[in-house]
Amino acid sequence: MEPGKTNGVNIAFEDKKGNLRLKPPQENNNLTIRNTDGETEHIEQLHVNTAQKTLGVFRTITGNENSEVQYLLEKVKKWKENVQKSYLGHEDSRCAVSTKIGKTLSYPLPATSFNKKQSDLIVDKFLAAALSKSGIVRSTARKIILAPSEVMGFGYDDINTLQIAEHISIMIYHGKSNTVTGKLIRLLAEGMKQVLAGI
């Protein structure tokens, strides 16, 4: 591990009015590692809600998705600013939607757990940017916009549906495999089973 690129979170709980909450960073609970020169260095301790970007996705120890939502909304905003002042026609804009911003929004979905409200917020901002440039009237029914082009829809992706599909795909592909992802899925499933059983 490289000290400058390594940090940690103190996972400890405290009782607050009958509810268990993760404790904030504790000064007396620092982790240390040895650097390449053999010297001891402290690992930076983060707050439990501090998001870190890993492989292009913002993650927190608590699973809070707010940082990733804001990151994607910023991407949509920047894409909108760039495409609105471009000379792209409707067909080229639709191509840009599917090959650029669409890929940006779908990339993190295997790792995210957006709720419906967060998904809808991202889709709303995305469609506000994409529809007019693509030559689609903004008042067009959402079902038509999100329907596949094979059935005369515009084929734009619904993030909530895509996220669920990605999760199911990963469980099917990795569920029984001996990969790191497969082991993690089984470990989490076993933990949930014990929680539900009250063990």
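Each reported figure results from applying straightforward, stated rules to the coordinates on display, with no laboratory input. Predicted, not measured: the structure shown is a model, and the values here were computed from it. All Cβ positions, even for glycine, are placed from backbone atoms using ideal geometry, and neighbour counts span all protein chains on display.
Figures for the structure shown
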| read-out | value |
| --- | --- |
| Helical contribution to [θ] at 222 nm, DSSP H n ≥ 4, -39,500 (n - 2.57), averaged over the chain, rounded to 500 | -14000 deg cm²/dmol |
| Relative contact order for the range 57-159, counting Cα pairs under 8 Å that sit 6 or more residues apart, in percent | 29 |
| Check: the range 57-159 dipole with +1 on Lys, Arg Cβ and -1 on Asp, Glu Cβ, in debye | 240 |
| For the range 3-48, size of Cβ-based charge dipole, Lys and Arg +1, Asp and Glu -1, in debye | 340 |
| Net charge over other residues, Cβ less than 14 angstrom from the Cβ of Leu46 (K, R count +1; D, E count -1) | +2 |
| Cα-centre dipole for the chain with unit charges at Cβ (Lys and Arg positive, Asp and Glu negative), debye to 20 | 640 |
| C-alpha center-to-center spacing [the range 161-198, the range 55-116] in angstrom | 25 |
| Reach of Lys183 by Cα under 24 Å, taken over lysines that are not fewer than 8 positions away in the same chain | Lys53, Lys193 |
| Computed lengthening from Ala197 to Asn19, 0.36 nm per intervening residue step minus Cα-Cα distance | 62.1 nm |
| Fewest-first ranking of Thr50, Thr112, Thr62, Thr36, using other Cβ atoms within 10 Å as the exposure measure | Thr36, Thr62, Thr50, Thr112 |
| Length-normalised contact order for the range 129-199 - Cα pairs under 8 Å, 6+ apart - percent | 12 |
| Angle between the chain longest axis and helix 180-197 axis [Cα atoms, degrees, rounded to 10] | 80 |
| For the chain, with +1 on Lys and Arg beta carbons and -1 on Asp and Glu, the positive-most of Gly18, Thr140, Asn28 along the dipole | Thr140 |
